[in-house]
1. Within the range 77-118, work out how many residues are in contact with a strand residue (DSSP E or B) (Cβ under 7 Å, 6 or more places away or on another chain) and closer than 22 Å to Arg129 by Cα.
2. Could you check how many residues of the range 261-274 are within 30 Å of Val49 (Cα to Cα) and touching a Phe, Trp or Tyr at 6+ places or on another chain (Cβ under 9 Å)?
3. Just checking, does the range 280-298 include any residue being under 17 Å from Val49 (Cα atoms) and in contact with a helix residue (DSSP H, G or I) (Cβ under 9 Å, 6 or more places away or on another chain)?
4. Residue by residue through the range 271-298, note down the ones that are without any contact (Cβ under 8 Å) to a residue 24 or more places away in the chain and either surrounded by 15 or more Cβ atoms within 10 Å (Cβ to Cβ) or hydrophobic (A, V, I, L, M, F, W, C) (or both).
5. Which residue, of Val149, Val127, is in a strand (DSSP E or B) and of a type in the set (A, V, I, L, M, F, W, C)?
6. Report whether or not Arg176 is out of contact with any Gly (no Cβ under 9 Å at 6 or more places or on another chain), touching a residue at least 40 places away in the same chain (Cβ under 8 Å) and either part of a helix (DSSP H, G or I) or surrounded by 16 or more Cβ atoms within 10 Å (Cβ to Cβ) (or both).
7. I need the full set of residues from the range 37-76 which are of a type in the set (Val, Ile, Thr) and more than 30 Å from Trp226 (Cα to Cα), in order please.
8. Identify, from the list Glu315, Glu301, Glu223, Glu268, the residue that is more than 20 Å from the chain's Cα centre (by Cα), in a strand (DSSP E or B) and surrounded by fewer than 16 Cβ atoms within 10 Å (Cβ to Cβ).
Amino acid sequence: MSHRRLAWSVVPCALLAAACRGPVQVGPSFNTLPVPPGERLQVAFQPPVGGELVERSLTVRTESAWEEGKQGPARSSRVELVTALGWAARAEGGWVLNQRVRNVKAEVDGKPVEDPLLVLATSFPVVLRFASDGAFVELLNRDAVREAVEAAFPDPEQRRAVLEFFTPEAVEEQARLEWDGRHGGLFGRPLEAAHPLYAVEVTAVGPLPLAYAVERRLRGTAETPWGRALVLEQACVQAADKAVDPAGWTAAWEARGKPALDPSLTCEGEQVLGLAPFVPVKSRLLLRARPADAQGRVAGELTWERTQVLAAPAEQAGAL
């Protein structure tokens, strides 16, 4: 696993930053109920203020390269983190999210990974500002990123190499993409199954970038330890003509720069989002792909899964 990929596996971004425990389970199951006829659900951005929340998640990745039509050996990685989150209201309006990785464990091919990037992930908080309507605004503690890199990498050559991709600008942009991908278009509008939400994400198989479009459709509501929550079904839709809302799909794709979408890629999952307060109760996404090279031959194979679970209110005190 490269430094660059491991870095973005362990850096927390936005409210749904990876936050894990070990061993991590799929999380609680909730009984999903259909939305009553005539009820129009609308999410107000009202995060919980005061105290710390604890999120836990597990990201598992297995990939293999193909050469001349033959599959090479598979490599697997696991990243587990525990992240503390704290929201505060700004006197000038809007919100501030302070999040910090409290614990991180990583394995490659079943062996623990010891890497300065893992230390870096726990050495500074990520402090983000949001508008009153939930729109991402900026990273507030930009200097902390540089200071953390300098402390974790005293060797000037290593420091320069890390700062090529681990910059305040890169951390802010990744946070923005994470937030907009999971919550863009969610707040302040009626939610209906006929009008899904779309986001375009990017991962990779070896050197090959893989872009995918996630369609999130309202499936119903559920009662959770955090109160009533939305249940959104997630699936990958790699072409506008296969989307429920082609116009919405196209807008999300264009906003991400019109990346090429691999037709072999499929995904499935769900999001459970608390309504009052707004909290990410649970999220799961399972992705599979077999991208082709320029000659149309299978170039690699990828299975990637991330599960994120927010500790229930009664469990928060002992979750860290």
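1. The number of residues fulfilling the criteria is 18.
2. Summing the residues that are within 30 Å of Val49 (Cα to Cα) and touching a Phe, Trp or Tyr at 6+ places or on another chain (Cβ under 9 Å) in the range 261-274 gives 2.
3. Step one: filter the range 280-298 for residues under 17 Å from Val49 (Cα atoms), giving 280-281.
Now restrict to residues that are in contact with a helix residue (DSSP H, G or I) (Cβ under 9 Å, 6 or more places away or on another chain): 280.
Yes.
4. Leu286, Arg288, Ala294
5. Working: Val149 fails: in a strand (DSSP E or B).
Among Val149, Val127, only Val127 is in a strand (DSSP E or B) and of a type in the set (A, V, I, L, M, F, W, C).
6. On the way: out of contact with any Gly (no Cβ under 9 Å at 6 or more places or on another chain): yes; touching a residue at least 40 places away in the same chain (Cβ under 8 Å): yes; either part of a helix (DSSP H, G or I) or surrounded by 16 or more Cβ atoms within 10 Å (Cβ to Cβ) (or both): yes.
Taking the combined requirement at face value, the residue satisfies it.
7. To start, the set of residues in the range 37-76 that are of a type in the set (Val, Ile, Thr) comprises 43, 49, 54, 59-60, 62.
Matches in the range 37-76: Thr62 only.
8. Values: Glu315 fails: in a strand (DSSP E or B); Glu301 fails: surrounded by fewer than 16 Cβ atoms within 10 Å (Cβ to Cβ); Glu268 fails: more than 20 Å from the chain's Cα centre (by Cα).
Selected residue: Glu223, the only one of Glu315, Glu301, Glu223, Glu268 that is more than 20 Å from the chain's Cα centre (by Cα), in a strand (DSSP E or B) and surrounded by fewer than 16 Cβ atoms within 10 Å (Cβ to Cβ).
Since every read-out is calculated from the coordinates, none of them should be taken as a lab result. Since this is a predicted model, take the numbers as computed values, not measurements. Note that each Cβ is placed from the backbone with ideal geometry, even for glycine, and that neighbours are counted across all protein chains shown.
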